[in-house]
Every structure is written in structure tokens, then in C-alpha cells.
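J.: Okay, handing you the structure first.
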Amino acid sequence: MRLSRREFGIGLAGAAALAGPGWAQEAPGADDAALTRFLDAAYEGLLADDPEALTRLGRKAAYDRLTDRSEAGLAARLERRRASVAAMKARFDPARLGEAARTSYDMWALELERAERQHRWRGHAYVFDRNGPHTRIPNFLINFHRVDEPADMEAYIARVRAAGPALDVQLERARTSAAAGVRMPRFAYDQSLQEVSRLMAGAPFGAGGGDSALFADAKAKIAGLRSRGKIDPARAEALERAAAQAMTGAMKPAYDRLAAWLAQDREAASAEPRGAGALPDGAAYYDAMLADQTTTAMTAGEIHELGLAEVKRIRGEMEALKAKIGFEGTLEAFFVFMRSDPRFYVPADDAGRARYLKLSEGYLAGMRARLPEVFARLPKAELVVRRVEAFREEPGGAAHYSSGAPDGSRPGVFYVHLSDVRATPTYEIEGTSYHEGWPGHHMQIMRAQEMTGVPFFRTQTNYGAYAEGWGLYVELLAKEMGFYTDPYSDFGRLGREIWRAIRLVVDTGIHAKGWSEAQALGFYTANSPQPEAKIRSEVRRYFVTPGQATSYKVGMVRILALRERARRALGARFDLKGFHEAVLGAGALPMGVLEARVDRWVARAAA
């Protein structure tokens, strides 16, 4: 399946010219080094306006500030990006660039196109959904703001104070969107209210027993300074008191204002969830989100039909495995058995949840030992498995990955939701571990972050179809390597793949065809063994994040098609390690650019 320029969907002139770091045959152009210096300076300029991004990179510049979320701040960052692209085009002739540098040139221009699209549709994005700033800011402080010195704790407290104004800015944006007819479904208001309530429970905010999650984190970081001899008891007490005052004096009033508005505006929200098509200019908005997430020009109709075909194909594989297992009955009856049999769930206590995490760690360790069989290079960064923090945990929430710091100061984290163990069956642990950890997101993202010889922004750029397509691809790769020896775990793998195919049908059904929540739940439940709580959580996720769910299967299908095309072209000379290096070796790429890179690798391997 060859991707045309139309399918690329983003109009970059240099998509066909691509090699990458480590490809010795590449001829550098006359201006390659100068372009790298230019793009590094331009990216540093953007980072200077984004203190939270700097912290995520492990840097402590602007450590006492949060990123400016105001309209003026957004406009200034966009204008800086526009100016940098204009300057790049004025200064550099693409014809004088080598292949890798030409790709960097085109991708920097592409990043402006993405930023323009996101800026245009910013009023359509739901501000306080499940990933809103009300949970992101505390999560950022807890997991990314490192405290090594007393000054770092003072910066932490300054950021707590800044959280109030940051939330107020976002609240004003939500008010503006609501006035224009853009509101979350009512269930999303309820979820956000619950999250605010959990965040504000406990000291120093109020009743609830014990310390709040944020105050517990602040106290732990202060205690760490004291244990390392950085501060004395009096200084520790003063810092703790200052943290409490910042939380109650600046942060809590903003959360109270947010909660009051959510409760009030909730009454105007639709009790029956509606898709993006019901929003003002909703069809155009959804098309833009599909282009952003898939990096193709596939229409909603094409994506819907692909999903239906993949659901049908995977059901056939499920029927065959069900027969091998020896289950008597229909596939739908087998789904019910997989959802309900106690053997597939850990106990709902601390020991059971610890066992779940231990199982994940075991699968990752087994995979890690065998990675050199199919990968030429591995990242240096460590990987850990953690339960999601209580204030943002939800029953049936999807596992996810948070990248480590490029300097190794912070490991990559594979997060699991375990508040409802009946929504997290054990037969899904294996595939989830490979997708989020080795050789999935951790492998791909940290390989990109550790790249050298390219402009720094290339190590940080992400594309949904590439990243999620890779994560789903490696779930199948693990099967090809001989993993999933337990047939129920293998059925869980198929369940995870059909889940992504279902997403193509349901996401486009909701946002382009006007499906109700009941229609979406019905299609999903009829074709998946997943627990009902997880199915409901997933469907609601699709309602509030249009298009994102389509990236997984679209990306996987494209990667598999490229592998098959390379295998046919090279025959006995096909090398799986080489293919994986072609896919991973230049960092995250749009699908069309990835195709060009793989074609270059095939041509060189065939020569």
C-alpha cells in the first residue's frame, strides 16, 4: 500500500528525500550544519516560553514559573514559530540540503502547520476534560518538578501559587467556548467535579483525612532535603508552612471557582453525549483532528470502513483461538466468560494490585532480555511501572506512558489504573506491557530522545499514528517472537487489537455519523471481551477527544504494510532488525515521511 502525496495530507515538498542518522551513504548538503544550528536556536526560543516543557526535559530554567496559558501567550508562541519558519525559508535553499537535513527543514514547516491547526480549533477542545489542567498541573508538580536543593522547593511553592492564575485563565477559555456552544458532555463535568473534589480532600485544603496528594508530595520533597542535610528542621518547617499557605491561599480559591462553574454550567450540557459533528463547524473540526492524529488524508468514511473490515478479520482469528481453547459456545458467550470469570482478575486489595504490577514487571523483564534478537539498538533509559495517582485514577482508565528525561534523571513510567481491578483483567497485562513499555512507547520515545546528529526538536516531536501505530505493531511482534504462551493472554492480545479496530468504527460513528452513546456501547460490547466498565470509560474518552482513537490502528496498518512491501521486495535479504532501524532510527515521523524512509532503506538493501 503506497501512500500518495494526497494521503500524506500535509504537502511537504521533501517527503520523498529522507535518510537518517547512522545511514553512512547519506551525502550531507552544504548548509546542513548551519540548518541544525538555526533550528536548535529556534527551538530553544520556543522552549524559553514554555517552562513546563523545560522541566519535562530535566532542565531547571524558569523553574518557578508555569507556562503562560493566556490568549496572549498562545499567540506569542505561534508568532514566534511563524517567524522562525519564515526566516528558515528565506535563509536556506532546500536543494542545498542533504537528505536528513531536508527532512528536518520540512518537519519544522510541518510543525507550524500543526500549530496553526491547533490554534485555529483551540476553542473546540474541551478544556476541563479528563486530561485538563486541573489534574495536569498537580501531576506535573508531583512527577516532574525535581527538588534537589532548597531553591528548587521555593520554585515548587512559587508554581503552586501560579496554579491559581493558570486555572483562572483556562476557566475563562472554557466560559468563552461554552458561550459559543462548545460544551463537554454532562458526564465529563461530573468526572471533573469528582477529580477536583479528590484533589482538594485532605490537608491543608480541608476535611478528608490525612494529607492531600499534593501536600504529601511537598512534605516528602521537603523531608528529602532535610535527610540529605540541605536544610535544618526550622527551614523544613518554614517551607512546609509556605507550601500550605500557597495551596490554601492561591490554589484552592481557583479550584473552588472552577468547581462552582462546572456545577453551574453542567446544567446546560447535554445529558446525552454528542459528537464533534454537533458542534459549530463540527465536521471541519473533526476532519482537522483526523488529519492531525493520523497524518494521512483518510476521510472519516474511509477510516470507518477500514475499522469494519478489521473487526471482521480479527473476529475470525478469535473464533479460531476460541476453538483451540475448547470453549463450547458462541464468540459472544466467550466474551461474557472472559469478562466475568474470577480467574482473570486480581483481588481488590493492596496485595492484588501489587500482584498486577509485578506481573507487568515480569513480562517486561522477559521481553527486555530478548530485544537484541530483533533490534539493533536499545535506549539507555530505565523503565518503571506505577499505579496512577489516586486523584486522577479512574475505573477502566487506559494505561499510559510518560517519557523519561533525556539526561537520565527521570525514568520512563508505565502507568496503570487500578482503582477498579474488575476493569483490568489479567489477560490484558501482557499486551499492555509490551505496548507501553518494551518494545513499545518506552523503546520508541526514548530512542528518539537519545538521537544525536539531528536538530533537538526532532528528538521531542510526536505524531499520533506513528507512536500509537508502533505500540500496536509491537503487540503483534511479541506474538511473532513467541510470547503470549498462555492462550488466554493471546486472546487478550486479539482483544486489544480488535479494541483498536472498534475505535475506528466508534470514533467515526460518534463524530461523523452522529452515533449515540448507546450505539457506540452496543457495537463495542458485541465485538470485545473487555469488561463493561472499561468499555464505558473508553467510549466516553472518544466523545471528549475526537480523532485520537483512530491513530492506533491506522498507524499499525501502515507499518505492517510497509514491512510486507519491504519483505516482498528484498526476499531473502530482508532483515527485521534493519526494518526496525528504518522505522525507529529517525524519530517520530508522519506516515508519508516514514514510507519514504523505508523505501530508501529497501533501495539500499537491494543494491
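Only the coordinates and a few stated rules stand behind these numbers; no lab work does. As the structure is a computational prediction, the values presented were derived from the model and not from experiment. Cβ placement follows ideal geometry from the backbone for every residue including glycine, while neighbour counts extend to all protein chains displayed.
J.: So which GluC sites (Glu not before Pro) in region 293-390 end up in coil per DSSP with only 13 or fewer other C-beta atoms within 10 Å?
T.: GLU328, GLU382
J.: Could you give the distance between the Cα centres of region 463-516 and region 556-607, to the whole Å?
T.: Comparing the Cα centres of region 463-516 and region 556-607, I get a distance of 21 Å.
J.: Ok, one more. Under the rule a/c < 1.5 gives rounded, and otherwise a/b versus b/c splits prolate from oblate, where does region 429-560 land using the Cα gyration tensor?
T.: It comes out oblate by the Cα gyration axes.
J.: Another question, if that's okay. Per residue and in cubic angstrom, what volume does the convex hull of the Cα atoms of region 18-124 have?
T.: 122 Å³
J.: If you don't mind, another one. Enter the per residue convex hull volume of the chain, computed from alpha-carbon coordinates, in Å³ rounded to the nearest integer.
T.: On the way: hull volume 93.1 nm³, N = 607.
Considering the Cα atoms of the chain, their hull volume per residue is 153 Å³.
J.: Also: What percent of all Cα-Cα pairs in region 133-271 falls in each 5 Å bin, counting up from 0?
T.: Each 5 Å bin holds this share of Cα pairs: 2, 10, 19, 21, 17, 12, 9, 5, 4, 2, 1, 0.
J.: While we're here: Over region 284-556, what is the relative contact order in whole percent, taking alpha-carbon pairs under 8 Å and six or more residues apart?
T.: Numbers: 422 pairs, mean separation 78.0, N = 273.
Across region 284-556, relative contact order equals 29 percent.
J.: A follow-up question, please. Taking Cα centroids, how far is region 268-311 from region 149-173 in Å?
T.: First find each Cα centre; the distance between them is then 35 Å.
J.: Another question about this same structure. What percentage of all Cα-Cα pairs in region 205-354 are separated by more than 29 Å?
T.: 64 percent
J.: Apply 1/(1 + (r/R0)^6) to the Cβ-Cβ distance of SER227 and ARG59, taking R0 = 25 Å, and write down the FRET efficiency to the nearest 0.05. List each step's numbers first, then the result.
T.: Working: r = 25 Å, r/R0 = 0.99.
Step by step, r from the Cβ atoms, then E = 0.50.
J.: Where does each of ARG343, ARG241, ARG146 land when they are ranked from fewest to most other beta-carbon atoms within 10 angstrom?
T.: Numbers: ARG343 8, ARG241 11, ARG146 16.
The most exposed by this proxy come first: ARG343, ARG241, ARG146.
J.: Still on this structure: Can you work out the Karplus-derived ³J(HN,Hα) for every residue in region 494-501? Use 6.51 cos²θ - 1.76 cosθ + 1.60 with θ = phi - 60°, whole Hz, and x for glycine or proline.
T.: Each residue's phi maps through the Karplus curve to give 5, x, 6, 6, 5, 4, 6, 5 Hz.
J.: ³J(HN,Hα) across region 376-392 via Karplus (A = 6.51, B = -1.76, C = 1.60, θ = phi - 60°), whole Hz, x for Gly/Pro?
T.: 7, 9, 10, x, 7, 5, 7, 10, 10, 10, 9, 7, 4, 4, 4, 5, 10
J.: Right, something else. Report the gain in length on full extension from LEU78 to ALA518: 0.36 nm times residue separation, minus Cα-Cα distance, nm rounded to one decimal.
T.: Working: separation 440, 0.36 × 440 = 158.40 nm, distance 3.98 nm.
Gain in length upon complete extension: 154.4 nm.
J.: In a shell of Cβ-Cβ distance under 14 Å around GLY73, excluding GLY73 itself, what net charge do Lys and Arg (+1) and Asp and Glu (-1) give?
T.: -1
J.: Quick one: length gained pulling ALA86 to ALA178 fully straight, 0.36 nm per residue minus the C-alpha distance? Intermediate results must be reported in sequence, preceding the final value.
T.: Numbers: separation 92, 0.36 × 92 = 33.12 nm, distance 3.51 nm.
Stretched out fully, the ALA86 to ALA178 stretch lengthens by 29.6 nm.
J.: Return the sequence-ordered ³J(HN,Hα) values of region 402-415 in whole Hz as given by the Karplus equation 6.51 cos²θ - 1.76 cosθ + 1.60 applied to θ = phi - 60°, using x for Gly and Pro.
T.: 10, 6, x, 7, x, 8, x, 6, 9, x, x, 10, 9, 9
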